[in-house]
Amino acid sequence: MLHELHISGLGVIDDLDLELHPRLTVLTGETGAGKTMVTSGLSLALGGKASGQQVRTGSAAARIQARFDAIEGEEGWSDDGELVLARTVRADAKGGARIGGQIATVRALADLGARVAEVHGQHQSLRLLEPSTQTSFLDRYAGNPHLAAVERCRTEATRLRVARTGLEALLEDARDRARELDLLAYQVHEIEDVAPAPGETATLEAEAARLGHVERLQEIAGAVDEALAGDAGAVDRVAGTAQDLQAALSLDPAAEGLSQRADGLAVEVAELARDVRAYGEVLAADPERLQQIRERIAALRGLHRKYGADDVEVLAYLTQARSRLDGLTGAEDREAELREEVAAATTALGAAAAEVTAGRARAAPRLQAALGVELTALGMPQASLEVVLAATTDIGSTGAETAELRFAGGPEEPSLALAKGASGGELSRVMLACRSVLADLDDVPTLVFDEIDAGIGGQAGLAVGGRLARLATSRQVIVVTHLPQIACFADRHVRVRKEDGRATIEVLDEAARVVELSRMLAGLEDSEHARSHAEELLAEARGTMQDAEAAT
């Protein structure tokens, strides 16, 4: 339950602390006093949508803290058995959220908030007019096994949608894929037909250069050979020089270095002469080989122009093209897989939807009867709510039908869709009836009703107040109201006033409650007639609750 609510800097609220009763707390006050700001602040603490316009003029930010009992299984957020949800909203609508003093996201705040409190206001009543809300209401009433079937239906619908989307995209791209497939197949074949090797072009170009100038190279090799090894060639001259320096060494030890260098040079020149002769001997004209090399180079350069600057880049492109080709070639297999997936998901969705339909068909009469009981308790014994299942054109994520609540104000009136058949006051009571029916089906400990009394009064107000009070015997209920017929049932009555532009609150004792109810009844706090009526209302409320407790 909600123990305490602190709000500062929000609308007409400067700084406010409110302690809540474990059963029924009622907030009353003049229009504009700030009652709705209290529930707005609580909604923010529960992760509701924020607006910078909510921040009080002159305040840097609105700050809200709500102290609840801890949630079982969420001990990581709680401290000493309590859970504190906090929200800060600045004028630019930015701000922050905290859970148990720890920084958190607004989404985490909303997830926890939905488990500790539920806020109902006029806009929630309007949501009740939507088919999706009415269908969800029936599903919740049908129970957890049915909700599991609804979830399976949603899962299979998602699987079917994904498979269909993939198949449609695959079929739409079929023509482009065929063109790309042909092009890639040609490119792969062209490169594989040439079969380049890394560095092959450079090697062949060097060989081509040698074969193209073989005669000139032979001339050069012959001339060098003659210069080195011919009569009076370099080999003989250097060898003679080495011998002369050897003779000098025998006469002067200082010539040792020169002699050694001359010996080495003689060996080097002799080896060079042998290598030049061998080079010249292997040089031979081979026009056929040269032509083959030139043709090979032309083929390799043709690949370079299309697929890469050199052999390595061409081979890298070949790897990529093969991979893409494999992917495109596998598209036919993928199409078959997707068609099988679509068929399987369609079958599974149909089975899940049939289970959902059966669950709704079983639950609809029970829900209709339960709502009838609640409408009678809310002062509308002649009214009826019919739960109708309307088949949809296609099976969707929520099944093969939607639920519709049809309302009739009396036995002679036609049963119409809730949006057309119920007045504002009737709609408020229908919303309370729906919430009351769900009371035993979920474990939300705190229920908040803001302006549930719109469009009703008199005996209907007493009926609504009594139902709220009975609802408060099993969970905490907080109500913002203008109706004394509802306020008289409060276990704690809080009056909200606006003084000097600031909202203030006061918990009323019995005497003060009579004064406040008198104001609500007649607009006058000192009217004897109104005071008498207020005392009657309080007595009737106590009697109603005593009778209810005795009946249980």
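The values are calculated or read from the model by the stated rules, or taken from the named source; none is laboratory data. These numbers were taken from a predicted model, which means no experiment stands behind them. Cβ: placed from backbone, ideal geometry, glycine included. Neighbour counts: every protein chain shown. Note: accessible area is taken over every heavy atom of the protein model, side chains too, but ligands, DNA and RNA are not part of it. Shrake-Rupley method; radii C 1.70, N 1.55, O 1.52, S 1.80 Å.
For region 1-142, a simple Cβ point-charge model (Lys and Arg +1, Asp and Glu -1, everything else neutral) yields a dipole of about 600 debye relative to the Cα centre. Among the trypsin sites (Lys or Arg not before Pro) in region 32-107, those placed in a DSSP loop whose Cβ has at most 16 other Cβ atoms within 10 Å are Lys49, Lys94. By DSSP, the beta bridges lying fully in the chain are antiparallel in about 75 percent of cases.
Rounded, prolate or oblate: which fits region 1-89, taking a ≥ b ≥ c as square roots of the Cα gyration tensor eigenvalues, rounded meaning a/c under 1.5, else prolate when a/b beats b/c?
Since a/c reaches 1.5 but b/c is at least a/b, the shape of region 1-89 is classed as oblate.
On C-alpha positions alone, give me the angle between the axis of helix 35-45 and the longest principal axis of the chain, in degrees, nearest 10. It is inclined by approximately 30 degrees. For region 386-486, just say rounded, prolate or oblate: build the C-alpha gyration tensor, square-root its eigenvalues into a ≥ b ≥ c, call rounded for a/c under 1.5, and beyond that prolate if a/b exceeds b/c, oblate if not. Oblate. The computed Rg and Dmax of the Cα atoms in Å for the structure shown corresponds, within (i) 25.7, 101; (ii) 47.0, 154; (iii) 25.1, 75, to (ii). Taking trypsin sites (Lys or Arg not before Pro) across region 349-385, none is in a DSSP loop with at most 15 further Cβ atoms lying within 10 angstrom of its Cβ. If you sort the three axes of the alpha carbon gyration tensor as a ≥ b ≥ c, you get a/c of 1.5 or more for region 43-134 and a/b no higher than b/c, which makes it oblate. Under 8 Å for C-alpha pairs, at least 6 residues apart: give me the relative contact order for region 42-102, rounded to a whole percent. Relative contact order for region 42-102 comes out at 36 percent. Among the GluC sites (Glu not before Pro) within region 61-112, those in coil by DSSP and having at most 12 neighbouring Cβ atoms inside 10 Å are Glu72.
How would His120, His189, His3 rank on accessible area, largest to smallest, probe 1.4 Å?
Highest to lowest solvent-accessible surface, that is His189, His3, His120.
Solvent-accessible area per residue in the chain equals 52 Å², computed with a 1.4 angstrom probe and all protein chains kept.
Relative contact order of the chain, taken over Cα pairs closer than 8 Å and 6 or more residues apart, is 21 percent. Taking only protein heavy atoms and a 1.4 Å probe, the accessible area of the chain is 51% carbon and sulfur.
Averaging Cα coordinates gives a centre for region 158-190 and one for region 288-342; these two points are 18 Å apart. Identify all lysines with a Cα-Cα distance to Lys94 below 27 Å; exclude those on the same chain that are fewer than 8 residues away in sequence. Leaving aside lysines fewer than 8 places away in the same chain, those within reach of Lys94 are Lys35, Lys49.
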